[in-house]
């Protein structure tokens, strides 16, 4: 397996995180954690409303710094604390950014510590909006957005999905892992490309198992999730090989594509490509069974019944995980029921490093532009939530990068080695 190069540690990026009073404030401690994990120093500044959702001690615990929330803090302001904060930051991020805060910023008001710092800083200013979908669509909010963007404020999101109010639409704050990745990509490309220099093999799409020259067994996979993962891995700096079943999707730029049709072809081509791979992500919906024999000519309709003998297809995922020098191996579990139970069983049985699980059926999973994933690994799990497949792929690849780095930093005895 290719080893990660050792480089001199870059100076820590100094992130001033503003937290305003929206329900999405509960995600902000996770954003602090994601940034700290990536080597950032994080100073949290809270609005008065934010304290109604999350306590300052929570942020102090994950950031290691005392939270600032008062413009009239005599001890801090004796040394012009708001100016000190404004000069300290390499970037100011407000997440969540409420409609009220966007209006305050657009009007140039400075009624509290956070808004004052935003006006006083010369650092890049980034906001991650979070509000009800109708509020986001309101003409006043959109006018404020246009004005702030014209002034150089960068908007991350919002995302589309279920909201705390019970409605669905644009207005959700982006997930912390996405915000952290976007910030680092902008400010420090080396950190924003956590898979830089690594080889990643991704599988996608269905397989087709022939019954005769015109019929085959297949499934409803469109390949969109696998292609999104390949794109996200490429954006994270990886050298990506995409082994795909038959799909009607364009090849992502910069990704090398290998087309296959059957499960046996998938198995062979993955093993041809897996040499030197650091990470393997098996998104393909490979047929578990195939016809024992395929007829050489089209089977004619004659008898009232026909029996089709099936045999098990080769297991590409398990075979890669069992290699003596196996890459970091990630599987997918598409289940119609008991998703977590089946996903954990597959994780253990195939002895893989991670598994991304989702529910599939008539109303979810296949043939849709959105998905919902929960990721499991030995001793842990994380719900990535619901979103577009591209959005979820970026969250997943960010998590894979974290777990890969952790697995290589803390060497654990491998039970897979022969």
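Taken together, the values in this text are just the output of simple stated rules run on the coordinates, not laboratory data. All of these numbers come straight from a predicted model, not from anything done at the bench. Cβ sites come from the backbone with ideal geometry, for glycine too, and all protein chains shown count toward neighbours.
Angle, helix 263-273 long axis vs. longest principal axis of the chain, Cα atoms, 0 to 90°, nearest 10?
Tilt relative to the chain: about 60 degrees.
Nearest 10 degrees is fine. How inclined is helix 224-235 to the longest principal axis of the chain, computing both from alpha carbons?
50 degrees
Indicate, rounded to the nearest 5 percent, the antiparallel portion of the DSSP beta bridges found entirely in the chain.
On the way: 22 of 64 bridges.
Approximately 35 percent, going by the DSSP bridge assignments.
Can you give the FRET efficiency to the nearest 0.05 for residue 248 and residue 150, using r as the Cβ-Cβ distance and R₀ = 35 Å?
Details: r = 40 Å, r/R0 = 1.13.
It comes out at approximately 0.30.
Of the beta bridges DSSP finds with both residues in the stretch 14-191, what % are antiparallel, to the nearest 5?
The answer is about 20 percent antiparallel.
For residue 405 paired with residue 315, estimate the spin-label separation in nm (one decimal), with each label point 7 Å from Cα along the Cα-to-Cβ line.
3.3 nm
Tell me the label-point distance for the pair residue 122, residue 100, using the 7 Å Cα-to-Cβ offset, in nm and rounded to one decimal.
In this crude label model, residue 122 to residue 100 measures out at 3.3 nm.
What three numbers, in Å, describe the spread of the alpha carbons of the stretch 14-191 along their principal axes, ordered from the longest?
If we take the Cα atoms of the stretch 14-191, the spans are 44, 34, 32 Å.
Go ahead and estimate [θ] at 222 nm for the chain from helices alone: -39,500 (n - 2.57) per DSSP H run with n ≥ 4, summed, over the residue count, rounded to 500.
-10000 deg cm²/dmol
Quick one: helix 339-350 against the long Cα principal axis of the chain, what's the angle to the nearest 10°, folded into 0 to 90?
On a 0 to 90 degree scale, this one is about 60.
Between residue 138 and residue 212, what length comes free when the chain is fully extended (0.36 nm per residue of separation minus the Cα-Cα distance, one decimal in nm)? If you can, show how the numbers build up before the last one.
Values: separation 74, 0.36 × 74 = 26.64 nm, distance 5.74 nm.
Separation in residues times 0.36 nm, less the Cα-Cα distance, equals 20.9 nm.
Hey, fewest Cβ within 10 Å first, where do 30, 175, 305 land in order?
By the 10 Å Cβ count, ascending: 305, 30, 175.
What does the extension gain come out to for residue 14 and residue 57, with contour length at 0.36 nm per residue minus their alpha carbon separation? Don't jump to the answer; show the numbers that get you there.
Working: separation 43, 0.36 × 43 = 15.48 nm, distance 2.00 nm.
Gain on extension, residue 14 to residue 57, equals 13.5 nm.
Can you give the FRET efficiency to the nearest 0.05 for residue 186 and residue 304, using r as the Cβ-Cβ distance and R₀ = 56 Å?
0.30
Out of every Cα-Cα pair in the chain, what percent are more than 35 Å apart?
37 percent
What is the distance in Å between the Cα centres of the stretch 376-400 and the stretch 99-149?
29 Å
If you average the alpha carbon positions of the stretch 245-297 and of the stretch 309-334, how far apart do those two centres end up, in angstrom?
12 Å
Measure off 7 Å from each Cα along the Cα-to-Cβ vector at residue 336 and residue 167, then give the distance between these two points in nanometres to one decimal.
In this crude label model, residue 336 to residue 167 measures out at 3.6 nm.
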